[in-house]
Ligand code: AMP
Ligand code: ZN
């Protein structure tokens with residue numbers, strides 16, 4: 001499998017540090033609000049990538065973090081008059097709800113920055129000891145120029161950065177390029193005791209620390225959105241490599257932006273839709289499909305038209321799967337030897353499976369992989385029917401379902417209740433109520449609710465609707 005490595009700016013053959021195992025770290029969200037669908041892009045892409053690695057037989061140790069201490073969290077807490085923990089815990093819960101909806105699997109470890117402060121203090125102390133950091137008035141700075149390779153990921157030269165950028169020159173810093181590892185608390189901020197001040201860590205140090213703790217000093221893959229290349233990932237490399245004296249991550253993967261009108265979707269610009277809002281309008285599976293239907297390194301423009309197109313495409317796949325299920329559920333299919341034509345069909349199906357795999361092996365081209373699923377769907381639609389052999393239908397059905405599953409696309413629909421079953425249950429609930437059997441009547445109401453059926457008691461009787 002080849003991966004495009006931001007560090008070398010080339011597609012490279014993926015060779016893990018340890019055979020059969022992958023150590024992967026993805027920078028997670030800052031939890032101060034509902035995530036927008038731009039934030040969902042790296043989550044969906046790298047969850048699917050992880051699933052593919054597992055399909056290839058790797059044992060994946062997948063770590064992603066919650067940044068749960070940060071200026072924005074503190075500001076929101078102060079605005080609402082609640083603690084920072086209340087804000088971060090609330091949005092961690094909301095994040096998990098969104099991830100469940102999008103069928104994103106839980107990480108192997110999902111640490112929170114505030115629970116890793118000791119490790120951060122230890123790494124900062126080591127960096128000071130090794131001459132890569134210094135303290136001034138309770139603040140600790142990383143001495144950027146002490147790390148000779150600074151800029152190797154983002155291909156920026158430190159002298160150009162210093163000359164060109166409008167970097168606020170702080171009197172305290174020895175050099176404007178130095179960045180904060182630890183800062184003293186201000187009034188009303190959460191803080192932890194440290195050898196330098198009661199305070200809190202800078203943002204970058206948390207990922208260096210959590211990555212080392214849960215994955216080791218060297219990891220295979222580090223990933224995130226492309227806005228993280230500089231300064232976040234550049235600074236992570238400087239901290240980790242200066243401290244551990246080893247190459248930090250072998251492969252760096254970055255997804256391109258989700259845009260609106262060709263501008264990055266972002267909280268600060270206000271041009272965003274939350275995952276929650278979009279999932280009110282579309283099945284979350286459509287959101288997942290929409291993200292995977294383009295290559296992760298291509299910018300993706302969000303629009304209603306493209307979401308509608310994604311919805312229709314996904315429906316085509318699910319309809320084909322439903323039809324095959326229908327054929328398999330009846331007794332019409334013969335359990336006979338496959339005809340020559342059917343054998344040929346399975347050869348074609350196998351070559352489409354190879355095409356799918358080749359696409360994902362080529363820098364995780366999920367868009368071309370989905371195109372191969374479509375060809376398979378077309379093959380099924382034109383060739384399989386009630387005269388087909390059971391083996392051919394079952395084989396193609398299993399294959400389409402498997403190829404969707406690898407990308408985390410759910411193909412099994414929840415059984416929908418038919419209208420006549422609903423009417424029957426409503427009748428039973430009415431007579432239970434008449435007989436004062438309220439336990440049963442509540443049970444029926446809840447059962448219907450679980451299936452998305454809402455009951456309304458009106459003067460004309462009970463009405464129902466699907467939610
Ligand atoms: P944040 O909470 O802003 O640090 O973002 C969490 C993750 O979402 C990071 O990996 C970002 O790079 C990524 N991200 C933020 N905005 C977008 C966007 N519009 N498109 C794609 N990824 C994004
Ligand atoms: Zn990070």
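The values are calculated or read from the model by the stated rules, or taken from the named source; none is laboratory data. Because the structure is a prediction, the values reported are computed rather than measured. Note that we place each Cβ from the backbone using ideal geometry, even for glycine, and neighbour counts take in every protein chain shown.
Quick look at the numbers
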quantity	calculated
Residue, nearest to ligand 1 (Cβ to nearest atom), within the range 235-247, restricted to residues that are touching a residue at least 40 places away in the same chain (Cβ under 8 Å) and either more than 24 Å from residue 2 (Cβ to Cβ) or part of a loop (DSSP other than H, G, I, E, B) (or both)	235
Residue among 225, 202 that alone is closer than 23 Å to residue 16 by Cα and buried (at least 18 other Cβ atoms within 10 Å of the Cβ)	225
Residues satisfying the stated conditions in the range 23-46, i.e. assigned to a strand (DSSP E or B), under 26 Å from residue 83 (Cα atoms) and within 13 Å of ligand 2 (Cβ to nearest atom)	30
Some residue of the range 389-397 being touching a strand residue (DSSP E or B) at 6+ places or on another chain (Cβ under 9 Å) and assigned by TED's automatic domain parsing to the domain that holds residue 327	yes
Some residue of the range 337-351 being modelled with pLDDT of 95 or more, closer than 30 Å to residue 4 by Cα and touching a strand residue (DSSP E or B) at 6+ places or on another chain (Cβ under 9 Å)	no
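One line per residue, one yes/no per condition, for (1) touching a residue at least 40 places away in the same chain (Cβ under 8 Å); (2) under 14 Å from the mean Cα position of the chain (by Cα); (3) away from ligand 1 (no atom under 11 Å from the Cβ); (4) more than 30 Å from residue 92 (Cα to Cα):
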site	(1), (2), (3), (4)
1	yes, no, yes, yes
8	no, no, yes, yes
13	no, no, yes, yes
20	no, no, yes, yes
43	yes, yes, no, no
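Per-residue answers, yes or no, for (1) over 30 Å from residue 137 (Cα atoms); (2) away from ligand 2 (no atom under 13 Å from the Cβ):
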| position | (1), (2) |
| --- | --- |
| 211 | no, no |
| 220 | yes, yes |
| 231 | no, no |
| 235 | no, no |
| 252 | yes, no |
| 256 | yes, yes |
| 264 | yes, yes |
